[in-house]
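The values are calculated or read from the model by the stated rules, or taken from the named source; none is laboratory data. Note that this is a predicted model, so its numbers are computed, not measured. Neighbour counts run over all protein chains shown; Cβ positions are idealised from the backbone, glycine included. With ligands, DNA and RNA removed, areas are computed over all heavy atoms of the protein, side chains included. Shrake-Rupley method; radii C 1.70, N 1.55, O 1.52, S 1.80 Å.
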Amino acid sequence: MSTFSLDPGADQLAVRDWLHGFAADVMRPAAAEWDEREETPWPIIQEAAKIGVYSMDFYAQQYFDPSGVGIPIAMEELFWGDAGLGLAIVGTTLAAVAVLANGTDEQIGTWAPQMFGTPDDVKVAAFCSSEPDAGSDVSALRTRAVYDEAKDEWVLNGTKTWATNGGIAAVHVVVATVDPTLGAKGQASFVVPPGTPGLSQGQKFKKHGIRASHTAEVVLDGVRVPGSCLLGGKPKLDERLARAREGVKGGKSRNAAMATFEASRPAVGAQAIGIARAAYEVALDYAKTRVQFGRPIIDNQGVAFQLADMKTRIDAARLLVWRASWMAANNQPFTSAEGSMSKLYAGETAKWVTSQAMQILGGNGYTREYPVERMHRDSAIYTIFEGTSEIQRLVIARSISGLPIR
Ligand SMILES: Cc1cc2nc3c(=O)[nH]c(=O)nc-3n(C[C@H](O)[C@H](O)[C@H](O)COP(=O)(O)OP(=O)(O)OC[C@H]3O[C@@H](n4cnc5c(N)ncnc54)[C@H](O)[C@@H]3O)c2cc1C
């Protein structure tokens with residue numbers, strides 16, 4: 001087990017500085033353009049691939065770093081660069097983590113490279129869980145997976161929504177219900193390989209923020225995938241379903257998918273911190289240089305204290321994220337839903353800090369001449385996706401009370 005440390009060490013600091021350079025030199029100058037275009041920034045993803053940031057190797061290296069802070073440091077720097085571009089670059093990891101967490105070594109070896117493609121021919125991947133009637137309530141998924149034993153194939157039918165990279169991905173990872181009587185415990189994840197007939201993109205959403213990241217519906221109409229596309233394999237699924245059936249009777253079965261979500265939440269919190277830090281820095285600079293009533297506006301306690309609170313909350317959020325990331329990397333159980341705590345606090349902090357930054361910039365903050373307007377729009381998703389703030393509070397409340405709070 002690695003000792004928790006606030007000193008990331010020389011290797012992590014070098015990675016941070018390297019990513020900071022990419023964020024400052026490549027992402028920031030392109031951010032406003034791709035926000036306006038509302039299109040997938042393929043050239044930026046390709047730049048990231050060329051330097052090795054967009055690759056399975058990079059994420060695996062950070063993911064398995066025992067300090068736990070490799071992923072949060074990387075996320076914070078990229079999202080300090082820009083959240084829309086950041087999500088376009090890291091959106092694939094949602095699907096990659098699903099394969100890493102649930103797949104066999106052979107499945108990881110087969111699908112991970114196809115998710116990222118190559119620097120000359122980059123690809124993206126999508127993780128498709130949410131449905132029109134199953135957002136927070138993941139137990140309500142209607143997409144069905146039925147096994148065709150004669151052909152050793154799974155047949156998928158349903159409609160997924162809000163899928164990052166949905167429809168433009170080479171590889172889609174789809175969560176579907178195998179046994180509807182078991183709720184979330186009756187679900188399994190399937191890889192849909194590139195070019196599989198029956199999978200198509202539905203509506204592409206026009207969004208408030210993170211507009212360079214593609215979000216769309218994915219329609220699955222009689223999609224047939226080989227038995228080998230069931231993540232983890234059939235014997236493991238059968239065993240898990242049998243345990244769930246017993247667990248349902250005894251009320252004790254644990255949901256592995258929810259545990260995976262809980263472990264990935266600190267990384268999302270780190271993205272929110274990147275946005276908050278970026279907005280805070282703009283506001284601090286502005287407050288020092290903007291003169292009203294004959295003095296810089298930061299000379300007013302009303303403004304200076306706002307900045308003091310912004311910085312304090314950002315640092316507090318980072319501490320929660322690093323703690324949870326270290327715990328996850330060192331197999332420490334989240335006894336008080338520390339993963340949810342970190343995402344809740346970081347998401348709310350980003351939304352609050354960016355709104356304060358807009359206020360400090362006054363009229364300029366409200367225009368697209370300055371980046372805080374975009375950062376504020378981008379931050380709003382951090383209290384919604386990967387579990388809304390209310391759902392994080394529900395998880396924390398259940399965890400600390402041991403009661404089935406509703
Ligand atoms: C830009 C974007 C990208 C996304 N990317 C992906 C992706 O790649 N893959 C994927 O699978 N999904 C993705 N999602 C979906 C996202 O995870 C869901 O939107 C989110 O889980 C919330 O679900 P919902 O929108 O259905 O809200 P609902 O569940 O309908 O919630 C509506 C409101 O009710 C509240 N609420 C619901 N239940 C409770 C409760 N029990 N107690 C208190 N309050 C409650 C919520 O907090 C929320 O405020 C994405 C969404 C967006 C907008």
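Any residue in the stretch 295-318 that is open to solvent by 50 Å² or more (accessible area, probe 1.4 Å) and of a type in the set (Phe, Trp, Tyr)?
Yes.
Please go through the stretch 154-197 and give me each residue that is assigned to a strand (DSSP E or B) and open to solvent by 50 Å² or more (accessible area, probe 1.4 Å), ordered by number.
Correct list: ASN157, THR159, TRP162.
Taking the conditions exactly as written (in contact with a helix residue (DSSP H, G or I) (Cβ under 8 Å, 6 or more places away or on another chain), open to solvent by 30 Å² or more (accessible area, probe 1.4 Å) and either within 16 Å of the ligand (Cβ to nearest atom) or not in a loop (DSSP other than H, G, I, E, B) (or both)), does PHE127 satisfy them or not?
yes
Right, TYR63: in contact with a Ser or Thr (Cβ under 8 Å, 6 or more places away or on another chain) and crowded, with 16+ Cβ neighbours inside 10 Å or not?
no
Only one residue in THR3, THR40 is modelled with pLDDT of 95 or more and of a type in the set (Ser, Thr, Tyr). Which one? Outline the logic, then answer.
Numbers: THR3 fails: modelled with pLDDT of 95 or more.
Residue meeting the stated conditions: THR40.
Taking into account only those residues within the stretch 133-147 that are in contact with a strand residue (DSSP E or B) (Cβ under 6 Å, 6 or more places away or on another chain) and among the charged types (D, E, K, R), which is farthest from the ligand (Cβ to nearest atom)?
The selected residue is ARG144.
Kindly indicate whether any position in the stretch 228-243 is among the hydroxyl-bearing types (Ser, Thr, Tyr) and under 24 Å from GLN114 (Cβ atoms).
So far as the stretch 228-243 goes, yes, one or more of its residues are among the hydroxyl-bearing types (Ser, Thr, Tyr) and under 24 Å from GLN114 (Cβ atoms).
Restricting to the stretch 141-150, give me the number of residues that are surrounded by fewer than 21 Cβ atoms within 10 Å (Cβ to Cβ) and either assigned to a strand (DSSP E or B) or touching a residue at least 40 places away in the same chain (Cβ under 8 Å) (or both).
If we filter the stretch 141-150 for residues that are surrounded by fewer than 21 Cβ atoms within 10 Å (Cβ to Cβ), which is where we start, we get 142, 144, 146-150.
Checking which are either assigned to a strand (DSSP E or B) or touching a residue at least 40 places away in the same chain (Cβ under 8 Å) (or both) leaves us with 144, 146-148.
Residues that pass the stated criteria total 4.
Conditions (1) in a helix (DSSP H, G or I); (2) away from the ligand (no atom under 16 Å from the Cβ), marked per residue:
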site	(1), (2)
VAL53	no, yes
ASP57	yes, yes
PRO66	no, yes
LEU78	yes, yes
GLY86	yes, no
ALA98	yes, no
GLY109	yes, yes
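If a residue must be within 13 Å of the ligand (Cβ to nearest atom) and loosely packed, with under 14 Cβ neighbours inside 10 Å, how many such residues does the stretch 206-221 contain?
Result for the stretch 206-221: 2.
Can you name the number of the only condition in (1) crowded, with 21+ Cβ neighbours inside 10 Å; (2) at pLDDT below 95; (3) farther than 30 Å from GLY198 by Cβ that ALA98 fails?
In the conditions (1) crowded, with 21+ Cβ neighbours inside 10 Å; (2) at pLDDT below 95; (3) farther than 30 Å from GLY198 by Cβ, ALA98 misses (3) alone.
Please work out which residue is nearest to the ligand (Cβ to nearest atom), limiting yourself to the stretch 380-400 and to residues that are within 15 Å of THR215 (Cβ to Cβ) and part of a helix (DSSP H, G or I). Give the steps one after another, and end with the answer.
In the first step, residues of the stretch 380-400 are kept if they are within 15 Å of THR215 (Cβ to Cβ); the result is 380-382, 384-386.
Now restrict to residues that are part of a helix (DSSP H, G or I): 380-382.
On the way: ALA380: 9, ILE381: 5, TYR382: 10 Å.
Per the criteria, the residue is ILE381.
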